[in-house]
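Visitor: Dropping a structure here in structure tokens format, bear with me for questions.
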Amino acid sequence: MNINLVSITPNSEQAAELAHQILINLGNDNTTIDTGPLIESILQSQNWATIGNSGSATTLVRFSVKKEEIYLFDVHVFEKKNAGTGAALIGLIKQLAKLLGKRYIRLRCKVDSRACAFYRRLGFEEQGREADLLRFQFEVCRENGSE
């Protein structure tokens with residue numbers, strides 16, 4: 001799959017627009033929500049996006065590179081859901097983890113989210129539960145065939 005991938009370091013205005021798109025993607029376009037924490041999180045995380053023909057982001061993945069892992073904050077598909085772009089982005093994150101010598105990719109996902117099935121399909125295993133969140137982990141070294 002060919003995707004137009006860009007690494008973005010948004011300014012405050014761009015982060016606010018991404019936060020707005022994320023809220024709409026989550027089914028919450030209520031503008032009375034304080035988006036400040038989400039905007040700050042976007043500004044402090046690493047962000048990769050796919051760009052559509054119109055020049056706007058079609059998919060966004062936010063992550064942080066930690067000592068032994070890459071932590072995924074979220075993956076958002078804004079257009080053409082089920083087109084494979086989200087899975088392609090996760091594939092690129094797996095490659096990044098391998099290149100950086102990271103052992104795991106970890107994330108949390110709401111228990112009732114359709115995304116849980118998406119992560120399971122991509123090889124993530126459930127590691128436990130915290131309130132309404134499931135913890136998932138992908139072991140990079142297992143896929144690499146090494147210890």
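Visitor: Find the residue count for region 85-115, including only residues that are part of a loop (DSSP other than H, G, I, E, B), within 23 Å of Leu134 (Cβ to Cβ) and small (Gly, Ala, Ser).
Guide: Total satisfying the criteria: 1.
Visitor: Ala49 - would you say it is surrounded by 12 or more Cβ atoms within 10 Å (Cβ to Cβ), within 26 Å of Arg121 (Cα to Cα) and within 13 Å of the chain's Cα centre (by Cα)?
Guide: yes
Visitor: Keeping to region 65-82, report how many residues are under 17 Å from Tyr119 (Cβ atoms) and in contact with a Ser or Thr (Cβ under 8 Å, 6 or more places away or on another chain).
Guide: Here the count works out to 6.
Visitor: Next up: What residue, of Glu40, Glu69, Glu13, Glu17, is modelled with pLDDT of 80 or more, surrounded by 13 or more Cβ atoms within 10 Å (Cβ to Cβ) and over 28 Å from Lys102 (Cα atoms)?
Guide: Glu17
Visitor: Which one of these is over 14 Å from the mean Cα position of the chain (by Cα), crowded, with 16+ Cβ neighbours inside 10 Å and not aliphatic (A, V, I, L, M): Lys81, Lys102?
Guide: Lys102
Visitor: Another question about this same structure. Considering region 20-36 alone, what residues qualify as being loosely packed, with under 11 Cβ neighbours inside 10 Å and at pLDDT below 80?
Guide: Of everything in region 20-36, those that are loosely packed, with under 11 Cβ neighbours inside 10 Å and at pLDDT below 80 turn out to be Gly27, Asn28, Asn30, Thr31, Thr32, Asp34.
Visitor: For region 109-119, enumerate the residues that are surrounded by fewer than 19 Cβ atoms within 10 Å (Cβ to Cβ) and touching a residue at least 12 places away in the same chain (Cβ under 8 Å).
Guide: Lys110, Val111, Asp112, Ala115, Cys116, Phe118
The values are calculated or read from the model by the stated rules, or taken from the named source; none is laboratory data. Remember, predicted model here, so these are calculated numbers, not experimental data. Methodologically, a virtual Cβ is constructed for each residue, glycine included, from the backbone with ideal geometry; neighbour enumeration extends over all protein chains shown.
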